[in-house]
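**Student:** Quick one: structure below, then a few questions.
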Amino acid sequence: MSTLDNKAIDEKMAAERQKFIDNQPTDEEMVEKIIAHLKEIYDPELPVNIYDLGLIYNVDVWTDEVSMMKKCKITMTLTSATCSFSQVIIDLVKSIAKRQDGLEDIDVEIVFDPPWGQDSMTDEAKLAMGLL
């Protein structure tokens with residue numbers, strides 16, 4: 001293959017890569033999509049989704065430089081350290097990556113500082129639980 005052929009292939013691959021990148025949501029858009037998914041996950045013991053319940057402390061999204069796909073780290077807590085459904089909730093959060101196009105992986109970090117409390121809940125969540 002000639003140098004011209006190699007150059008044409010490289011240019012075509014670069015154009016395809018750029019087209020792929022251009023069609024991906026921004027990091028901020030992906031955060032919004034992930035939050036929408038989080039709002040579909042309900043604590044099995046409470047009638048409130050885990051986002052409005054205040055269990056999600058941070059959603060950090062970035063683009064992997066190799067795959068050009070989005071990766072995410074979610075820092076969250078549980079209503080208690082002895083939550084019997086903790087693994088179910090964590091697995092549901094991690095499974096968002098399988099349902100969201102352009103999202104390669106979600107890492108979940110469970111923290112208990114600061115501890116969860118009712119003050120972390122949205123007003124909608126408090127209303128649903130009869131606290132307002």
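Just so you know, all these numbers are worked out from the coordinates, no wet-lab data involved. Note that this is a predicted model, so its numbers are computed, not measured. Please note: Cβ atoms are built from the backbone with ideal geometry, for glycine as well, and neighbour counts cover all protein chains shown.
**Student:** Once you list every other residue whose beta carbon is under 9 Å from the beta carbon of residue 104, what net charge do they have if Lys and Arg are +1 and Asp and Glu are -1?
**Tutor:** 0
**Student:** Measure up 19/39; 19/94; 12/70; 71/94 against 21 Å on the Cα-Cα distance and list the ones that go over.
**Tutor:** Result: 19/39; 19/94; 12/70 exceed 21 Å.
**Student:** Among the DSSP beta bridges whose two residues both lie in the chain, what percent are antiparallel, rounded to the nearest 5?
**Tutor:** Within the chain, antiparallel bridges account for around 55 percent of the total.
**Student:** Rg and Dmax of the chain, using alpha carbons, in Å: what are they?
**Tutor:** In order Rg, Dmax, the Cα atoms of the chain give 19.8, 74 Å.
**Student:** Consider a paramagnetic label point 7 Å from the Cα of residue 111 along Cα→Cβ; state which residues of the range 60-83 have an amide N under 18 Å from it.
**Tutor:** Answer for this model: 60-62, 72-81.
**Student:** Can you give the local net charge around residue 90? Use residues other than it whose beta-carbon is closer than 11 angstrom to its beta-carbon, Lys and Arg +1, Asp and Glu -1.
**Tutor:** -2
**Student:** Using a cut-off of 14 Å between beta-carbons, work out the net charge of the residues near residue 125 (Lys and Arg +1, Asp and Glu -1, residue 125 not included).
**Tutor:** Combined, the nearby Lys, Arg, Asp and Glu give -4.
**Student:** What does the highest-first list of 106-116, 85-95 look like by mean Cβ count within 10 Å?
**Tutor:** Top to bottom by mean Cβ count within 10 Å: 85-95, 106-116.
**Student:** Efficiency by 1/(1 + (r/R0)^6): what FRET value for residue 99 and residue 131, r their Cβ-Cβ distance, R0 = 35 Å, to the nearest 0.05?
**Tutor:** Efficiency, rounded to the nearest 0.05: 0.70.
**Student:** D for the range 62-132, whole µm²/s, Stokes-Einstein with Kirkwood Rh over alpha-carbon pairs at 20 °C and 1.002 mPa s: what number?
**Tutor:** It comes out at roughly 151 µm²/s.
**Student:** Using just the Cα positions, wrap the range 39-98 in a convex hull and report its mean projected area in square nanometres, one decimal place.
**Tutor:** On the way: hull surface 17.9 nm².
That works out to 4.5 nm², a quarter of the Cα hull's surface.
**Student:** Follow-up question, since we're still on this one. Along the Cα→Cβ direction, 7 angstrom out, place labels at residue 64 and residue 7. What is the inter-label distance in nm?
**Tutor:** Result for the modelled spin labels: 3.4 nm.
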